[in-house]
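Below is one structure; the comments refer to it alone.
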Amino acid sequence: MQEDPRRVLVTLGKKSYPLLTRLDEGRFERVLQIAKESVVGLDPSMEQDERLLLACFKLAFSIESAEIRMKELLGGSGSP
């Protein structure tokens, strides 16, 4: 992570958002790609806030699924 934040313009869905980030460029681009992939396939006629909420749920589901899988691999029950 960088010390000084830098301003970036992120387009996600139908809008662009100015953000400040301390992530280095490579990591920021990887994170941005994951965010962009989360809105792919969502109905483009939906309102932006609905698309972002669904994308948030897709990401949360992915995180939870990965957590369960890691617990299984480590010998845990995998249950929350």
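Taken together, the values in this text are just the output of simple stated rules run on the coordinates, not laboratory data. Computed from a predicted model, the values in this text were never measured in an experiment. Cβ: placed from backbone, ideal geometry, glycine included. Neighbour counts: every protein chain shown.
Would you calculate, for the chain, the mean residue ellipticity at 222 nm contributed by helices, counting each DSSP H stretch of 4 or more residues as -39,500 (n - 2.57) and dividing by all residues, to the nearest 500?
Theoretical 222 nm ellipticity from helices: -17500 deg cm²/dmol.
Under a no-solvent Debye model with one identical scatterer per Cα of the chain, what's log10 I(q)/I(0) at q = 0.11, 0.15, 0.16, 0.25 Å⁻¹? Here the Debye-derived log intensity ratios amount to -0.42, -0.70, -0.77, -1.10. Can you tally the net charge around residue 14? Count Lys and Arg as +1, Asp and Glu as -1, for every other residue whose Cβ sits under 15 Å from the Cβ of residue 14. Residues close to residue 14 contribute a combined charge of -1.
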